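Below is one structure; the comments refer to it alone.
The values are calculated or read from the model by the stated rules, or taken from the named source; none is laboratory data. Nothing here was measured: the structure is a model prediction, and the numbers come from that model. Using ideal geometry, Cβ is built from the backbone for each residue, glycine included, and neighbour counts are taken over all protein chains shown.
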Amino acid sequence: MEITAILTDMANGNVAPEVAHRLRATNLTVLRKPNKKFRPIGAECVWAKAISLMAVDAVMPALKTCFKNLQYGVGNNIELAIQKIRRDFHLKGSVAMLDGRNAYNAISRTAILSAVYGNTAWSPLWRVTRLLLGTEGLVGFYEKGQLVHSWKSTRGVRQGMVLGPVLFSIGTIATLRQLEKQLFQRQLHAYLDDVTVGGTTGHAGEGVRGDLPGDACPGH
């Protein structure tokens, strides 16, 4: 009973500022990628994971409906996406595969929050999103236990954040739908920031820009 009450308060954002700061805090692990670049992973604390999973469970029916036949990275069947991509290649002759460059950080938190709060279907996410993402991110550098320097960020979602894929997908679905209309004779299938476009041989990637429109990434 006590744990349920604590989780409910956290999920509703009814916590002291010090507790909220602790919920957002993560130990940053930097991994080297095959291309010699680095990927920072900020795995959340168990409490943040728990309230995030509660929110995702509550909003899952809306996610499946909103993302149907386009965004397969959240709430949908990746096997179905693979089947459709193979069908497109067989019927049309070519597919273009697009991978977002630093995609999770390319969209501003303002755009993410606007998309989340702009649709009542996402209301189960409102409070926990505000708690975990409603303030600027802070990366602290410590020496002998003392904070000696920090970086602040107002962009993107953290790698290792349970809500990260959900919030990224909500923040970019409007842009994907717009792109889908522009490329109406081709088929789009997205798995988070990986987008596949199916079309006739030699034309699958025509008209596809490398950058998201400015209104999708305010300040970018």
Practice problem: Scan Arg86, Arg130, Arg101 and give me the residue that is among the charged types (D, E, K, R), surrounded by fewer than 18 Cβ atoms within 10 Å (Cβ to Cβ) and closer than 16 Å to Val197 by Cα. | Solution: Arg86
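Give Val95, Val74, Val56 a once-over and let me know the one that is over 16 Å from the mean Cα position of the chain (by Cα) and either at pLDDT 95 or above or crowded, with 18+ Cβ neighbours inside 10 Å (or both).
Numbers: Val74 fails: over 16 Å from the mean Cα position of the chain (by Cα); Val56 fails: over 16 Å from the mean Cα position of the chain (by Cα).
Checking each option against the conditions leaves just Val95.
Kindly provide the set of residues from segment 154-168 that are closer than 11 Å to Tyr104 by Cβ and either in a helix (DSSP H, G or I) or of a type outside the set (S, T, N, Q) (or both), ordered by number.
So in segment 154-168, the residues closer than 11 Å to Tyr104 by Cβ come out as 155-161, 164-165, 167-168.
Of everything in segment 154-168, those that are closer than 11 Å to Tyr104 by Cβ and either in a helix (DSSP H, G or I) or of a type outside the set (S, T, N, Q) (or both) turn out to be Arg155, Gly156, Val157, Arg158, Gly160, Met161, Gly164, Pro165, Leu167, Phe168.
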Quiz prompt | Conditions (1) at positive phi; (2) of a type in the set (Gly, Ala, Ser); (3) in contact (Cβ under 8 Å) with a residue 40 or more places away in the chain: number failed by Gly75 | solution = (3)
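Just to be sure I understand, how many residues within segment 134-160 are under 13 Å from the mean Cα position of the chain (by Cα) and either small (Gly, Ala, Ser) or at pLDDT 90 or above (or both)? Walk me through it before giving the result.
Here is the first cut: in segment 134-160, the ones under 13 Å from the mean Cα position of the chain (by Cα) are 155-160.
Checking the rest, the ones that are also either small (Gly, Ala, Ser) or at pLDDT 90 or above (or both) come to 156, 160.
So the answer is 2.
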Quiz prompt | Test for Ala111: is it in contact with a His (Cβ under 7 Å, 6 or more places away or on another chain) and surrounded by 18 or more Cβ atoms within 10 Å (Cβ to Cβ) | solution = no
Practice problem: Taking the residues in segment 102-150 that are of a type in the set (Lys, Arg) and in contact (Cβ under 8 Å) with a residue 40 or more places away in the chain as candidates, determine which candidate is nearest to His21 (Cα to Cα). | Solution: Arg130
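When you check Phe184 against the structure, is it touching a His at 6+ places or on another chain (Cβ under 6 Å) and loosely packed, with under 13 Cβ neighbours inside 10 Å, yes or no?
no
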Practice problem: Go over the candidates Leu28, Leu23, Leu70 one by one and state the one that is closer than 27 Å to Gln178 by Cβ, hydrophobic (A, V, I, L, M, F, W, C) and touching a residue at least 12 places away in the same chain (Cβ under 8 Å). | Solution: Leu70
Self-check item: Tabulated pairs, segment 181-194, first part of a strand (DSSP E or B), second of a type in the set (Phe, Trp, Tyr), C-beta under 6 angstrom, 6+ apart or interchain
Solution: Tyr191/Tyr72
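Restricting segment 8-20 to residues that are assigned to a helix (DSSP H, G or I) and in contact (Cβ under 8 Å) with a residue 60 or more places away in the chain, which is surrounded by the most Cβ atoms within 10 Å (Cβ to Cβ)?
Initially, segment 8-20 is screened for residues assigned to a helix (DSSP H, G or I), giving 8-11, 17-20.
Checking which are in contact (Cβ under 8 Å) with a residue 60 or more places away in the chain leaves us with 10-11, 20.
On the way: Met10: 22, Ala11: 20, Ala20: 18.
Filtering segment 8-20 for residues that are assigned to a helix (DSSP H, G or I) and in contact (Cβ under 8 Å) with a residue 60 or more places away in the chain, the one surrounded by the most Cβ atoms within 10 Å (Cβ to Cβ) comes out as Met10.
Scan segment 24-39 and tell me whether some residue there is in contact with a Leu (Cβ under 8 Å, 6 or more places away or on another chain), at pLDDT 90 or above and outside any loop (DSSP other than H, G, I, E, B).
The answer is no, given that none of the residues of segment 24-39 is in contact with a Leu (Cβ under 8 Å, 6 or more places away or on another chain), at pLDDT 90 or above and outside any loop (DSSP other than H, G, I, E, B).
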